[in-house]
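Step one of this worksheet: look at the structure below.
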Amino acid sequence: MKLARVTGTVEATAKDAALVGKKLLLTDLIDGAGKVAVPAFVAVDACGAGVGDQVLITFNDAARMPSAAAGCPTDATIVAIVDRVTIKK
């Protein structure tokens, strides 16, 4: 899993049938301090995330395991909304 921040939404009227009804969100992968490490990943939302939320994203085969993404042609799925990140210094 990777830490990310939701930065926007993605709308696509022409898409694979397995994606119909799925919410697609634009995310930036971030480090523990919130700094953008990798910008602009699109992920299927499996937990009701919104713009500004910090989330956990799973990738590749694991991205298709959550029930909200089962059978979807996705490479990234949001599986949790993060409440807090604590970094021990």
**Request:** Determine the percent antiparallel among the DSSP beta bridges restricted to region 2-81, to the nearest 5.
**Result:** 90 percent
**Item:** the chain: relative contact order in percent, alpha carbon pairs under 8 Å with at least 6 residues between
**Value:** 30 percent
**Complete:** Any residue on another chain or 5+ positions along whose placed amide H is under 5 Å from the amide H of V55 is listed here as A4, R5, V6, V82
**Prompt:** Considering amide H positions built from the backbone, and no H for Pro or chain starts, which residues 5 or more places from F41, or on another chain, come under 5 Å of its amide H?
**Reply:** T27, D28, L29
**Item:** Cα-Cα P(r), the chain, percent of pairs per 10 Å interval
**Value:** 18, 52, 25, 5, 1
**Prompt:** Using a Gaussian network model of the chain with C-alpha springs under 10 Å, which one of K15, K23, K35 is most mobile by mean-square fluctuation?
**Reply:** K15
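Each value in this text was obtained by applying a stated rule to the coordinates, not by laboratory testing. A quick note: this is a predicted structure, and the numbers were derived from the prediction, not measured.
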